[in-house]
Amino acid sequence: MSRALFAVCLALIAAHSVPLSVPPHEEVARMARFVVNKCDWASMATISTHDPVKGQPFSNAFSISDGPAGNGTGTPYMYLTHMEISVQDLQVNPQASLSVSLAQTSYCKNHGFDPQSPLCAHIILSGSVIEASVAKATLFSRHPEMIDWPTDHNWFFAKMNITQVWVLDYFGGVKTVTPEEYYRATP
């Protein structure tokens, strides 16, 4: 292996091993923005329109991005296709929730926190999923594989129109912040 390639590999390893410094749990809106910005995927729950679970909650994983790490907008963007069953649910009822957890980062594992522990912060965003006209750079910068997904799937960009933010980042129960508080906070 050449020295240049070896140096690049070491730099990548070092970049991924930098410990996350989470906001204090008292800064609820900031914690919510931080988690959404640091995470690359969310579990989206919809109300199913498909038998045999029609009318029941249905959850599925989706890649998200709110922008560059450390400098996001707070709005989770997604790349969707009408072929996806959750998207078919959204066509009937656009209401959904996104659950995002620091368990997908190294933070919780490095601190010995179980993914269910309140110390392993997780955020639930409630609202509706709507089409977004501009999200290509936001998504493709964090999920470059999407660029090469089959064009015959008629992919489109969407975003979560947030109406409520739920934060579980410490013992004592869930805390809520308004969308206005959420968007005012900096990650």
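At a glance:
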read-out: Any chance residue 135 is among the aliphatic types (A, V, I, L, M) and at pLDDT 95 or above; value: no
read-out: Condition check for residue 63: touching a Phe, Trp or Tyr at 6+ places or on another chain (Cβ under 8 Å) and modelled with pLDDT of 95 or more; value: yes
read-out: Unmet criterion (only one of (1) surrounded by fewer than 17 Cβ atoms within 10 Å (Cβ to Cβ); (2) touching a Ser or Thr at 6+ places or on another chain (Cβ under 9 Å); (3) not hydroxyl-bearing (Ser, Thr, Tyr)) for residue 89; value: (1)
read-out: Answer residue from region 143-187, given it is assigned to a strand (DSSP E or B) and among the aliphatic types (A, V, I, L, M) and is most open to solvent (accessible area, probe 1.4 Å) among those; value: 168
read-out: Condition broken by residue 115, with the remaining ones in (1) open to solvent by 20 Å² or more (accessible area, probe 1.4 Å); (2) modelled with pLDDT under 95 satisfied; value: (2)
read-out: Which numbered condition residue 123 fails, given (1) modelled with pLDDT of 95 or more; (2) closer than 15 Å to residue 63 by Cα; (3) touching an Asp or Glu at 6+ places or on another chain (Cβ under 9 Å); value: (2)
read-out: Pairs, first within 20 Å of residue 43 (Cβ to Cβ) in region 145-163, second of a type in the set (Asp, Glu) and assigned to a strand (DSSP E or B), C-beta under 6 Å, six or more apart; value: 158/131
read-out: Tally, over region 118-141, of residues that are open to solvent by 50 Å² or more (accessible area, probe 1.4 Å), outside any loop (DSSP other than H, G, I, E, B) and over 20 Å from residue 69 (Cα atoms); value: 2
read-out: Long-range neighbours under 9 Å by Cβ, at least six apart or interchain, first residue within 14 Å of residue 170 (Cα to Cα) and open to solvent by 10 Å² or more (accessible area, probe 1.4 Å) within region 24-43, second modelled with pLDDT under 95 and assigned to a helix (DSSP H, G or I); value: none
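The values are calculated or read from the model by the stated rules, or taken from the named source; none is laboratory data. Note that the structure is a prediction, hence the values are computed from the model and not measured. Please note: Cβ atoms are built from the backbone with ideal geometry, for glycine as well, and neighbour counts cover all protein chains shown. Each accessible area value is taken on the protein alone, full model and side chains, heavy atoms only, with ligands, DNA and RNA left out. Shrake-Rupley method; radii C 1.70, N 1.55, O 1.52, S 1.80 Å.
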